[in-house]
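Step one of this worksheet: look at the structure below.
FYI, it's all coordinate maths here, none of it is from the lab. Note that the structure is predicted; figures quoted are calculated from it, not measured. With ideal geometry, Cβ positions are generated from the backbone for all residues, glycine too; neighbour counts draw on all protein chains shown.
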Protein chains: 2
Amino acid sequence: MSALPLDPSEHRSGALLDHLARRMRLRAESVLAPLGLRPRHLVALTVLRAGGGTSQQALATTLEMDSTNIVGLLNDLEAKELVERRRSPQDRRRHVVELTEDGAKRLKEAECALAGVEDEVLGALEPAERETLYELLRRAATTTPISCSAAIDEEPDAC
Amino acid sequence: MSALPLDPSEHRSGALLDHLARRMRLRAESVLAPLGLRPRHLVALTVLRAGGGTSQQALATTLEMDSTNIVGLLNDLEAKELVERRRSPQDRRRHVVELTEDGAKRLKEAECALAGVEDEVLGALEPAERETLYELLRRAATTTPISCSAAIDEEPDAC
DNA sequence: TAAATAGTTGGTGCAACACAGACGATCCTT
DNA sequence: AAGGATCGTCTGTGTTGCACCAACTATTTA
């Protein structure tokens, strides 16, 4: 009882994450517009680059979006030839979605164009800190949510 | 030319931020619902706690939301007595918005309830790393966007 | 052959906004 | 004291990003 251990457990990043993502997204929209991209396209492309060829429903899972909406998203991207849908030889029902060279290039351009935005939003952080942030985010983002929730099982919510 | 300096400049956190925030928000919604809160309420409360008493339009600025929509948000919060609007003695047009004790308590409860969510989304990160992440996010979030954009002035977009 | 699965299409509905107009209250000028 | 600007409020409109449902085709698997 005397412990009450100086609890840093209230340090929840959720709201901060939300807030920062919003600020970033608001600015990113206008910067991305001339490139014909929207923030969510960027997210998809980023995931695609990280994950290589994936089926659409795998994409739906990692993006945690309804698969019907993935279709439209990919239509956009494919119309711009940033992404390619190919039938999987193993299972011809499947579409293997992959970044095209143009896609990778455009993604890079976009990231480049976003430098200013990041400077603005992450202005309080030193370059090294930003790199740390990036690395933490990247690692957190590239874990499948499924394996996670499976690993969690039941948590007694001991608060 | 030969340099091509191993450029880590492509490490843009925007998309990752977006992605993670989304994953967090999706889960947070259901966890927060029993508490009568929505993610955006959480963000507002968090900002309010960090910033102390602020006018509504200051809030609109930091949340980067239209001030007319702030009204509704605050109405929700005030109806639940999590927030208080008082006339500013200096300028009686202004409302000084402040977290009530109930508000602070509810916020803490919410953060507590979100522990599981964070475990799920940030599962790949060790506790120490999460704390680092939190600290970085906190610092980045508590900088006024205005002073930032003013500091940037004109950037020649040298990419 | 039947049932399950991947993708597509179209439609509905909701919530989060942005934006605009009009208003009262209260500054701040001159 | 009068006029204009500012803060908050209310109302209403439109857009967008989704989730969700239903129906359909092509394909796989049982």
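In table form, for the structure just shown:
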| quantity | calculated |
| --- | --- |
| Positions within the stretch B:58-76 being within 14 Å of chain A (Cβ to nearest Cβ), more than 9 Å from DNA strand C (Cβ to nearest atom) and either within 23 Å of B:Ala33 (Cα to Cα) or small (Gly, Ala, Ser) (or both), in sequence order | none |
| Residue list for the stretch B:122-131, filter: part of a helix (DSSP H, G or I) and over 14 Å from A:Gly14 (Cα atoms) | B:Pro127, B:Ala128, B:Glu129 |
| A:Pro89, sole failed condition from (1) in contact (Cβ under 8 Å) with a residue 12 or more places away in the chain; (2) within 15 Å of DNA strand D (Cβ to nearest atom) | (1) |
| Residue within the stretch B:96-119 that is within 13 Å of DNA strand C (Cβ to nearest atom) and over 15 Å from the mean Cα position of the chain (by Cα) present | yes |
| Test set (1) within 16 Å of DNA strand D (Cβ to nearest atom); (2) within 23 Å of B:Ala21 (Cβ to Cβ) - A:His95 fails condition number | (2) |
| The listed residue being surrounded by fewer than 17 Cβ atoms within 10 Å (Cβ to Cβ) and out of contact with any strand residue (DSSP E or B) (no Cβ under 8 Å at 6 or more places or on another chain), out of B:Ala28, B:Ala15, B:Ala33 | B:Ala33 |
| Some residue of the stretch B:99-112 being touching a His at 6+ places or on another chain (Cβ under 9 Å) and surrounded by fewer than 17 Cβ atoms within 10 Å (Cβ to Cβ) | no |
| Enumeration of residues in the stretch A:36-57 that are away from chain B (no Cβ under 12 Å) and crowded, with 18+ Cβ neighbours inside 10 Å | A:Thr54 |
